[in-house]
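To start, the structure itself, in structure tokens.
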Amino acid sequence: MYVGRATKRVPPSPPTTQCHTVAGMWSAIQAAIATTTGTPFKLERRTAVGGGCINSCYRLEGGAASYFVKVNSPDKADMYAAEAAGLEEIAKTNTVRVPRPICHGANRAASWLVLEHIALGRSGDFDILGQQLAALHRMGARSFGWNRDNTIGATPQINTPTADWVAFWREHRLGF
């Protein structure tokens, strides 16, 4: 079993069947949380929640801690590593609040991404969110792209750094 902090790259494992039905996965995730946070974590409650169309998502609770967890087959481990790295990169900009990656990992049964659980309500200030997203997109960079490829849902997103925005968009978004 591999367990890593969100900044570590996770090697892909061979694919398997529906991972959310594998009981051993939950003990591995519980152990990964405890190892990464340095705090004992005993899973007391698991609640299925929405979170997209390609993953099974859950809220895990134990003691005073609460986490949002995405699970999938072991071959999706690199997808979760890239998502964790992307969230960390966005957080560094101090422009918009994103969930803090706790850990990600994989074993023979599943891969997972554990995030800070953020209680969301039905209301919010969308004007402020729009301003924060605009500030995020104004952040400067030496090139267009990123230091690793990732995914949008199940779709690969190629991020080869490119000096020209039009060329980047044409080759890595429209032409892919």
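Observations on the model:
- Only residues that are within 15 Å of the chain's Cα centre (by Cα) and either of a type in the set (Gly, Ala, Ser) or over 20 Å from residue 157 (Cβ atoms) (or both) were counted across segment 83-120, and they come to 17.
- Candidate set: segment 144-170, residues that are over 22 Å from the mean Cα position of the chain (by Cα) and either closer than 28 Å to residue 55 by Cβ or touching a residue at least 24 places away in the same chain (Cβ under 8 Å) (or both); chosen: the one surrounded by the most Cβ atoms within 10 Å (Cβ to Cβ): 168
- Scanning segment 47-65 for residues that are surrounded by 15 or more Cβ atoms within 10 Å (Cβ to Cβ) and more than 17 Å from residue 119 (Cβ to Cβ) turns up 55, 56.
- Residue among 47, 39 that is among the polar types (S, T, N, Q) and outside any strand (DSSP E or B): 39
- Every condition in (1) modelled with pLDDT of 95 or more; (2) part of a loop (DSSP other than H, G, I, E, B); (3) within 12 Å of residue 112 (Cα to Cα) holds for residue 68 except the one numbered (2).
- Scanning segment 26-47 for residues that are in contact (Cβ under 8 Å) with a residue 40 or more places away in the chain and either under 16 Å from residue 64 (Cα atoms) or touching a helix residue (DSSP H, G or I) at 6+ places or on another chain (Cβ under 7 Å) (or both) returns 33, 37.
- Every condition in (1) among the hydrophobic types (A, V, I, L, M, F, W, C); (2) in contact (Cβ under 8 Å) with a residue 40 or more places away in the chain; (3) over 19 Å from residue 86 (Cβ atoms) holds for residue 135 except the one numbered (3).
- Against the conditions (1) within 30 Å of residue 31 (Cα to Cα); (2) surrounded by 11 or more Cβ atoms within 10 Å (Cβ to Cβ); (3) modelled with pLDDT under 95, residue 173 satisfies every one except (1).
- Conditions (1) surrounded by 14 or more Cβ atoms within 10 Å (Cβ to Cβ); (2) of a type in the set (Ser, Thr, Tyr); (3) closer than 24 Å to residue 154 by Cα; (4) modelled with pLDDT of 95 or more; number of the one not met by residue 16: (4)
- Members of segment 109-142 that are surrounded by 14 or more Cβ atoms within 10 Å (Cβ to Cβ) and of a type outside the set (A, V, I, L, M, F, W, C): 111, 116, 117, 132
The values are calculated or read from the model by the stated rules, or taken from the named source; none is laboratory data. On a predicted model such as this, the values are computed, not experimentally measured, just so you know. In this analysis, Cβ positions are derived from the backbone assuming ideal geometry, glycine residues included, and neighbour counts consider all displayed protein chains.
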